[in-house]
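Step one of this worksheet: look at the structure below.
The values are calculated or read from the model by the stated rules, or taken from the named source; none is laboratory data. Everything quoted here is computed from the prediction, not taken from an experiment. Every residue, glycine as well, gets a Cβ built from its backbone with ideal geometry; the counts of neighbours run over all protein chains shown. These area figures cover heavy atoms from the full protein model, side chains too; ligands, DNA and RNA do not enter into them. Shrake-Rupley method; radii C 1.70, N 1.55, O 1.52, S 1.80 Å.
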Amino acid sequence: MKVSVVKETAPGERRVSLVPEAVVKLRAAGLEVLVQSGAGDGAWLTDDAYAEVGASIVSRADALAADAVLMVGRPDAATVAAFRPGQAVIGLLSPLTDPDLVRSLAEAGVVAMSIDMIPRTLPRAQPMDALSSQANIAGYKAALVAAAEFGRFFPLLITAAGTARPAKVLVLGIGVAGLQAIGTARRLGALVSAYDVRPETRTEAESVGATFIELSTVGPAGGEGGYARALTDDERLAQQQELAGHIARHDVIITTAQVPGRRPPLLVTEDALKAMTAGSVVIDMGASALGGNVAGSVPGQTVVSEHGVTIVGASALPSSMAPAASAMYARNISALLLHLVKDGQLALDLNDELDAGVVITSGGAVVHPALRPSEAPAAEPPAAEPPPAEPSLPSRQQPPGAQLDERAVRE
Ligand code: NAD
């Protein structure tokens, strides 16, 4: 069986789906590995590094002809057009938010597997949990980007030239990324508070050194599978208003809130931004084409509000650490592939919870229950919330004298 690595096509994407260490593992399991020339460039992995461990370096067309194509993100339209029926395609396809892509993969006749659909609570699926591995990286980098953007210190500093008080950081959303952001900001010396709608996150946040913020106007909002549910309109407004008071008392806000298959909830409104002190920094890890956690955030861009608040639309943090992110992702996707392959061939068992969880299209049809329109409350178009208010933010404006590092947050 031939498995291939193709160069990612999303703008600014630097990650690659396999690193040489993973090629060794797959070859040991009897798989032939093809790597598109230049696929590893963004992660500083040369064609030679892959060839040395026995991969064949091939053209894109040859890579796309393999039995299984391994990707990080979604295939673009030209890539889907090159797929052939029966071929397996594995990547972070985010199918809940892209029904058009799901349809086109079904029409192409491929067996599409979305690694972000893995049942994450299954113990045997943990090594394949790419959402967690990439969220860990994003949370870590979000705290570093915040510290780099912030014009003051994170730690308490007592020097002959004066004392600097520690930065006050607020992390909104305490999932995998939020916990890593808390831990990293704490290690940099900041005072960290955190908030989530799931009450069980209190002990997790406290265990990594944050003070948990409880809102009096919003009750617990845990949903299925350990995720949050979408809030009602009333809850959302109450949450935004009560959070605004907390936001105004912090120097740095890092938002990580997500509800699977939905537009990310708007947590930091334009009014909340206006109440922040000039020089404050907001990192929106929820920034996406669907809208983010922060009013006026633009995915992949840094903007400064009229009131001097720097808002980073941090949509591509794992890609900004491509070597680490690719190494972890390669372990996740290889673990999945090795689980799916028996005697050198793909052997799917749709009675297995894990296999059924990841396969989204097969035999020309959409097969995942969460994606079939009649059975799919979670696949409802992500329009439950009104779009964030139009920002009055000058794009790409920089605070006086500041050098915003564009490399930190790539488009
Ligand atoms: P996520 O990326 O879906 O969301 C991030 C956080 O945003 C979540 O904690 C969520 O509660 C929070 N959130 C959503 N709406 C919010 C709102 N309106 N206000 C404030 N916060 C809001 O989450 P994730 O990091 O993927 O993790 C989701 C859950 O899955 C967690 O309980 C995590 O511990 C669990 N998980 C379990 C395993 C496992 O069992 N092995 C692995 C990974 C994750």
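General remarks:
- Shown in residue order for region 223-232 are the 3J(HN,Hα) couplings computed by the Karplus curve 6.51 cos²θ - 1.76 cosθ + 1.60 at θ = phi - 60°: x, 7, x, x, 8, 7, 9, 5, 7, 6 Hz (x for Gly and Pro).
- Within the full protein context, the accessible area of His250 is estimated at about 20 Å² for a probe radius of 1.4 Å.
- Rg ratio (alpha-carbon, reference 2.2 N^0.38 Å) - the chain: 1.01
- Nearest 10 degrees, 0 to 90: helix 176-187 Cα axis against the chain principal axis: 50 degrees
- Here the 3J(HN,Hα) profile of region 145-150, calculated from phi with Karplus coefficients 6.51, -1.76 and 1.60 at θ = phi - 60°, is 4, 4, 5, 6, 6, 6 Hz, Gly and Pro shown as x.
- Just checking the listed ones, Ile247, Ile213, Ile90: in the Gaussian network model of the chain with Cα springs under 10 Å, the one fluctuating most is Ile213.
- Under 18 Å from the Cα of Lys274 - lysines, other chains or at least 8 residues apart: Lys168
- Remark: relative contact order (the chain) = 18 percent; criterion is Cα-Cα distance under 8 angstrom and separation of 6 or more residues.
- Hits among lysines - C-alpha to C-alpha of Lys25 under 27 Å, sequence gap 8 or more where chains match: Lys2, Lys7, Lys342
- Equivalent-ellipsoid semi-axes of region 25-159, from the Cα gyration tensor, Å, largest first: 34, 21, 16
- Beta bridges by DSSP in the chain, antiparallel share as percent, to the nearest 5: 25 percent
- Rounded to the nearest 10 Å², the accessible area of Ser320 at probe 1.4 Å: 20 Å²
- GNM result for the chain, Cα springs below 10 Å: residue of Leu267, Leu131, Leu18 fluctuating most strongly: Leu131
- Relative contact order of region 162-319: 18 percent, from C-alpha pairs under 8 Å at least 6 residues apart in sequence.
- Fraction of accessible area attributable to carbon and sulfur, the chain (%, probe 1.4 Å): 55 percent
- Highest-first arrangement of 75-84, 328-337, where packing means the average Cβ count within 10 Å: 328-337, 75-84
- Amide H contacts for Gly223 (H built 1.01 Å from N in the peptide plane; partners 5 or more residues away or on another chain; cut-off under 5 Å): Ala228, Arg229.
- Relative contact order for region 257-303, counting Cα pairs under 8 Å that sit 6 or more residues apart, in percent: 40 percent
- The chain: most fluctuating residue of Ala161, Ala125, Ala316 per GNM, C-alpha cutoff 10 Å: Ala161
- When nucleic acids and ligands are ignored and a 1.4 Å probe is applied, Val208 ends up with an accessible area of around 60 Å².
- Ranked by the mean number of other Cβ atoms within 10 Å of their residues, highest first, the peptides 140-150, 343-353 fall in the order 140-150, 343-353.
- Amide N of region 223-241 lying under 16 Å from the label point, which is placed 7 angstrom from the Cα of Ser216 along Cα→Cβ: 238-241
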